[in-house]
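Just below is one structure, and these are the notes that go with it.
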Amino acid sequence: INPDARIRYCQVWNRAYWMNGEAKGYVEDRTAYPWEGEDYVGPTTQKTFSDPPIGHLLAVWNGRMFVAQDNLLWFSQPFAYAWFDLARNFILFPSRIRMIAPVRNGLYISTETETAFLDGDEAKTLGYRKVSDNAAVEGTEVRIPGYQIAGGQLPLEIAQVWTSKAGACIGWPDGMFNILTHDERGRNRLALPDVRFGTAFLRGNHYIATLEP
């Protein structure tokens, strides 16, 4: 494993899937395993299923694993994270994908030039709605539990918070988008550098992001 490659992971129950753009695998019960395709079991089909592609971002939404590989967003068969139909199950974007942030009603996706909300309940028929002209800083998205937002009125919901040139952004479960660091006149209260990578985490009720110079 390249020690300089950025590892991204996705937790599904007691299994953590990971990728770093050069390799992939998963960890379960403190043991590392290769993340490879498995023998197909199911109805007769003409489709050909392949190993998971190696990408730089990954996330699970609505029973499918999504993998970003440069400007391609691949998605697995439903609840089968080792089966990918590379001939059909992908979405092409105009530039490299910087963020995959799933919520109840869809996925927030950032490219190099904008951030959009892909809405729907099925990967093959997702809509596309631009929510910001600013790209996310790759690595800064964080899931926010509902009991920590909206005065605790959404206990079972998950929102996503990330950083962009416009400030700290939040994507709500229904696709609503806000910039948290804007004042009542829509002016940004932060002067942020134009950076590509960062990382972020929650500490109590505080979102903390560090940006690479």
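The values are calculated or read from the model by the stated rules, or taken from the named source; none is laboratory data. Computed from a prediction, not measured in an experiment: that's the story for all the values here. Every residue, glycine as well, gets a Cβ built from its backbone with ideal geometry; the counts of neighbours run over all protein chains shown. Accessible surface areas use protein heavy atoms only, side chains included; no ligands, DNA or RNA. Shrake-Rupley method; radii C 1.70, N 1.55, O 1.52, S 1.80 Å.
Structure values in brief
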{"quantity": "Residue in segment 93-103 that is open to solvent by 30 Å² or more (accessible area, probe 1.4 Å), in a strand (DSSP E or B) and small (Gly, Ala, Ser) present", "calculated": "no"}
{"quantity": "Close pairs (7 angstrom Cβ cut-off, 6 or more residues apart or separate chains): assigned to a loop (DSSP other than H, G, I, E, B) and modelled with pLDDT under 80 in segment 43-57, open to solvent by less than 60 Å² (accessible area, probe 1.4 Å) and charged (D, E, K, R) anywhere", "calculated": "47/85"}
{"quantity": "Qualifying residue in segment 71-90 (condition: more than 28 Å from residue 51 (Cα to Cα) and in contact with a helix residue (DSSP H, G or I) (Cβ under 8 Å, 6 or more places away or on another chain))", "calculated": "no"}
{"quantity": "Selected residue (criterion: nearest to residue 51 (Cα to Cα)) from residues of segment 1-38 that are aliphatic (A, V, I, L, M) and part of a loop (DSSP other than H, G, I, E, B)", "calculated": "23"}
{"quantity": "Residue check for residue 122: open to solvent by 10 Å² or more (accessible area, probe 1.4 Å), more than 18 Å from residue 19 (Cβ to Cβ) and in contact (Cβ under 8 Å) with a residue 40 or more places away in the chain", "calculated": "yes"}
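Per-residue answers, yes or no, for (1) of a type in the set (D, E, K, R); (2) open to solvent by 40 Å² or more (accessible area, probe 1.4 Å); (3) within 19 Å of residue 103 (Cβ to Cβ):
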residue: 173; (1), (2), (3): no, no, yes
residue: 184; (1), (2), (3): yes, yes, no
residue: 188; (1), (2), (3): no, yes, no
residue: 197; (1), (2), (3): no, yes, no
residue: 202; (1), (2), (3): no, yes, yes
residue: 206; (1), (2), (3): no, yes, no
